[in-house]
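Novice: First the structure, which I've put down as structure tokens, then a few questions once you've had a look.
The values are calculated or read from the model by the stated rules, or taken from the named source; none is laboratory data. All figures in this text were calculated on a predicted structure; none of them were measured in a lab. Cβ: placed from backbone, ideal geometry, glycine included. Neighbour counts: every protein chain shown.
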Amino acid sequence: MPTLFLLSFNFLSSLYTVFTYHSSLITYYCIYILDTNIVFAKAYHYSYNYKEFMQKERVKIKTIIFDLDDTLIKTSKLYNQAREEFSLLMENSGFKKEEALAKLDEIDIKNIQQHGFTKERYPFSLGKTYEYFSQKNGKKINPELKKKIEEIGWQVFRQIPKLVDGVYQVLDILSQKYFLILATLGDPHVQKKKLQLTDLKKYFSAIYVLRYKSVEEYQNILTEHKLDKKDTWIIGNSVRSDLNPGLKLGINCILIPYLSWKFEDEEPLSENYLQLDSLKEVLNYL
Ligand SMILES: [Mg+2]
């Protein structure tokens, strides 16, 4: 009897152990699946390339290189207002609006090679576009109208662009955690004025107003601050100026598409970047 009792006790005890082991495994798998799904759902909601991001999320973040125009401030809105005003004046002078705007882009992009991103270039390109259509249509150039058209271009630089939603909140938080660098394209005087008047200058440990945003320019920044590509991030709105040079160098990139212009049109070199809908969303990741 005692032997039988002992055997049946041992059997029940083993059964209990096996049951406990399996139920803990089941619980573990349930938690794992649930957790994975939550992470997956979050990443899928925010990112078009969640797989890449999930791999990179484990990488330590030390430095963020921010773009300025149309990433932190809404610069293209000012240019779009100017374009609208210019196309109306051209229409009133008997020229087609769409043709005038397409030619303006063509002339302005050509002028970048000669004049770079100086503030003089834009009014000059507007005036040249008016001249082009006048000559093409056998019309005499009206100096007053040309001056008025050029003035539309100058007006862009007399205004301060509005801030992107949540910019202070985002930079307040990120500047306490990481080393922030600003790399912007444009006229040094204009860009510095924008930074001062918007009070954004204080967030950055280094500011670069670049003539071009190429691989070399970003490499120079990495070298100057002894930055490791693996823990450096670029955040910008432009595929051509922010994303592709970053991808070529192997820097982590976040693209936040916003208004842009023809010069910035380019296809991403790869899918190894994170795309977000707004600046505020950056705080969900970095
Ligand atoms: Mg930009």
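Novice: Is it the case that some residue within the stretch 230-249 is out of contact with any strand residue (DSSP E or B) (no Cβ under 7 Å at 6 or more places or on another chain), part of a loop (DSSP other than H, G, I, E, B) and away from the ligand (no atom under 16 Å from the Cβ)?
Specialist: No, there is no match, as no residue in the stretch 230-249 is out of contact with any strand residue (DSSP E or B) (no Cβ under 7 Å at 6 or more places or on another chain), part of a loop (DSSP other than H, G, I, E, B) and away from the ligand (no atom under 16 Å from the Cβ).
Yes/no per residue for (1) more than 34 Å from the chain's Cα centre (by Cα); (2) assigned by TED's automatic domain parsing to the domain that holds residue 188; (3) of a type in the set (D, E, K, R); (4) not in a helix (DSSP H, G or I):
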site: 84; (1), (2), (3), (4): no, no, yes, no
site: 94; (1), (2), (3), (4): yes, no, no, yes
site: 110; (1), (2), (3), (4): no, no, yes, no
site: 119; (1), (2), (3), (4): no, no, yes, yes
site: 139; (1), (2), (3), (4): yes, no, yes, yes
site: 147; (1), (2), (3), (4): yes, no, yes, no
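Novice: May I pose another question? Within the stretch 180-210, take every residue that is surrounded by 13 or more Cβ atoms within 10 Å (Cβ to Cβ) and of a type in the set (Lys, Arg) and give me the one that is nearest to the ligand (Cβ to nearest atom).
Specialist: 194
Novice: Hey, can you tell me all the residues within the stretch 264-286 that are more than 11 Å from the ligand (Cβ to nearest atom) and closer than 30 Å to residue 103 by Cβ?
Specialist: Matches in the stretch 264-286: 265, 266, 267, 268, 269.
Novice: Which residues, taken from the stretch 254-285, are under 26 Å from residue 230 (Cβ atoms), surrounded by fewer than 18 Cβ atoms within 10 Å (Cβ to Cβ) and hydrophobic (A, V, I, L, M, F, W, C)?
Specialist: Selection gives 269, 283.
Novice: Here is a further query. Conditions: (1) over 18 Å from residue 185 (Cα atoms); (2) surrounded by fewer than 19 Cβ atoms within 10 Å (Cβ to Cβ); (3) not hydroxyl-bearing (Ser, Thr, Tyr). Residue 163 meets all but one. Number of the miss?
Specialist: (1)
Novice: Which of the residues belonging to the stretch 149-181 are within 20 Å of residue 79 (Cβ to Cβ) and part of a strand (DSSP E or B)? Give the derivation first.
Specialist: Going residue by residue through the stretch 149-181, those that are within 20 Å of residue 79 (Cβ to Cβ) are 149-165, 167.
Hit for the stretch 149-181 is 163, nothing else.
Novice: Within the stretch 271-286, identify whether any single residue is assigned by TED's automatic domain parsing to the domain that holds residue 67, among the small types (Gly, Ala, Ser) and free of Cβ contacts under 8 Å to residues at least 60 places away in the same chain, and answer yes or no.
Specialist: no
Novice: Here is a further query. Specify which of the listed residues (222, 163) is within 16 Å of the ligand (Cβ to nearest atom), touching a helix residue (DSSP H, G or I) at 6+ places or on another chain (Cβ under 7 Å) and either at pLDDT 95 or above or under 15 Å from residue 64 (Cα atoms) (or both).
Specialist: Matching residue, one of 222, 163: 163.
One line per residue, one yes/no per condition, for (1) within 15 Å of the chain's Cα centre (by Cα); (2) of a type in the set (Gly, Ala, Ser):
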| position | (1), (2) |
| --- | --- |
| 204 | no, no |
| 224 | no, no |
| 232 | yes, no |
| 241 | yes, yes |
| 250 | no, yes |
| 258 | yes, no |
| 276 | yes, no |
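Novice: I've got another one for you. If you check every pair at least six apart or on different chains, which have Cβ atoms under 6 Å apart with a residue in the stretch 136-160 that is surrounded by fewer than 16 Cβ atoms within 10 Å (Cβ to Cβ) first and a residue that is of a type in the set (S, T, N, Q) second?
Specialist: 141/134
Novice: Is one or more of the residues making up the stretch 80-88 out of contact with any helix residue (DSSP H, G or I) (no Cβ under 7 Å at 6 or more places or on another chain) and over 29 Å from residue 197 (Cα atoms)?
Specialist: Yes, the stretch 80-88 contains a residue that is out of contact with any helix residue (DSSP H, G or I) (no Cβ under 7 Å at 6 or more places or on another chain) and over 29 Å from residue 197 (Cα atoms).
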